[in-house]
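Report on the structure given below.
The values are calculated or read from the model by the stated rules, or taken from the named source; none is laboratory data. Note that the coordinates shown come from a computational prediction; the quantities given were computed from them, not determined experimentally. Cβ placement follows ideal geometry from the backbone for every residue including glycine, while neighbour counts extend to all protein chains displayed. Accessible surface areas use protein heavy atoms only, side chains included; no ligands, DNA or RNA. Shrake-Rupley method; radii C 1.70, N 1.55, O 1.52, S 1.80 Å.
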Amino acid sequence: MRYTRLVIAAGVGTLLLTGCAEGAPEGADAGARGGASAAREVVTEADIVLPVSAYFFTPEQQALVDTAHSTLASDCMKRFGFDWPATKAEPVEVVSRRYGVVSEKVAAEHGYHMIPMAVGDEHADGAVPGGAKLPPEAYMVYGAKGGKAGSGGNYRGKDVPVGGCVGEAGRKLGLEKVQNPKKGKIGLLSIDFSSFEQAQKMPEFIKVQDVWVSCMKKAGYQHTAFLQPGEKYALQGDSASPQEKAVAKADVTCKQETKLNTVLLRLETRIQNAYIEQNAAGFAEIKKDQGAVIKSANKALAN
């Protein structure tokens, strides 16, 4: 099951969550001093790395935690007489669409459509690994489907953990700490979204976006904001049409010429660095809790 890995994709012009970070600075200048991360030149989607990214699990860490969680849940199920196999999760790399389409390769192959991603963890939807058939009671004990997952209960004389075996496994790993979006009284998820919105309101970005608009107009496309092409095409059909790919290629060319993505990343980096500096104790607590989860995961897999 996937717990803390959050992918922020603005590929269709809207973020998955909204809200302003508590105490976040209103302008990028506030973050100009002593930042923890420096913005890089954005050439491909992989270059979009923001300061708060360091406070989420990496794909490799997430895979480790997922595997440990599956193993602990499987061990719990065996106590109740159910053969629920553990699964090994593999790192999942996701191409960021935070700034829409960035690279020529992605534009040419996928346009504004999301790149298909294989989901390797069958537990994510409550399915039994390997297609095994189990009685309805098994799902109640597991905590994925059926029964009241948060109420515990009893099965054949044995107390079912609150939240089922899923809940027990999560508590053994300490996931309730890293899942808390307000850990350390800071808005980790909120600043990751609000910095995107704040940066777009700043004069430096508005200026470069105006140049991007002019560039797109010369290419024959009428758009007033850099995410508009994605809003128009991303949900049209199952794959990108030739017309969509042509627009995406022009979009990428104009972004490269204006350095729109680089400017946006630089502004967001300043905003996030300022917030991290202002809330240093909370962010240190997040890293400490993450380290504890990784330690617990390694211990679970070593047994």
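Looking only at the stretch 225-248, decide whether some residue is in contact (Cβ under 8 Å) with a residue 12 or more places away in the chain and touching a Leu at 6+ places or on another chain (Cβ under 8 Å).
yes
Which condition number in (1) of a type in the set (Val, Ile, Thr); (2) buried (at least 18 other Cβ atoms within 10 Å of the Cβ); (3) without any contact (Cβ under 8 Å) to a residue 60 or more places away in the chain is the one that residue 293 fails?
(3)
When the residues of the stretch 201-260 are narrowed to those that are surrounded by 14 or more Cβ atoms within 10 Å (Cβ to Cβ), more than 25 Å from the chain's Cα centre (by Cα) and basic (Lys, Arg), which ends up farthest from residue 109 (Cα to Cα)?
Of everything passing the filter in the stretch 201-260, 249 is farthest from residue 109 (Cα to Cα).
What is the number of the single condition among (1) more than 20 Å from the chain's Cα centre (by Cα); (2) open to solvent by 60 Å² or more (accessible area, probe 1.4 Å); (3) at negative phi that residue 197 does not meet?
(1)
Go through the stretch 279-290 and give me each residue that's more than 13 Å from residue 177 (Cβ to Cβ) and buried (at least 17 other Cβ atoms within 10 Å of the Cβ).
279, 283
Of all residues in the stretch 87-107 being outside any loop (DSSP other than H, G, I, E, B) and not β-branched (Val, Ile, Thr), which is most open to solvent (accessible area, probe 1.4 Å)? Walk me through it before giving the result.
Looking only at the stretch 87-107, we keep the residues that are outside any loop (DSSP other than H, G, I, E, B), and these are 104-107.
Okay, now just the ones that are also not β-branched (Val, Ile, Thr), so 104-105, 107.
On the way: 104: 112, 105: 134, 107: 0 Å².
Looking at the filtered set, the residue picked out is 105.
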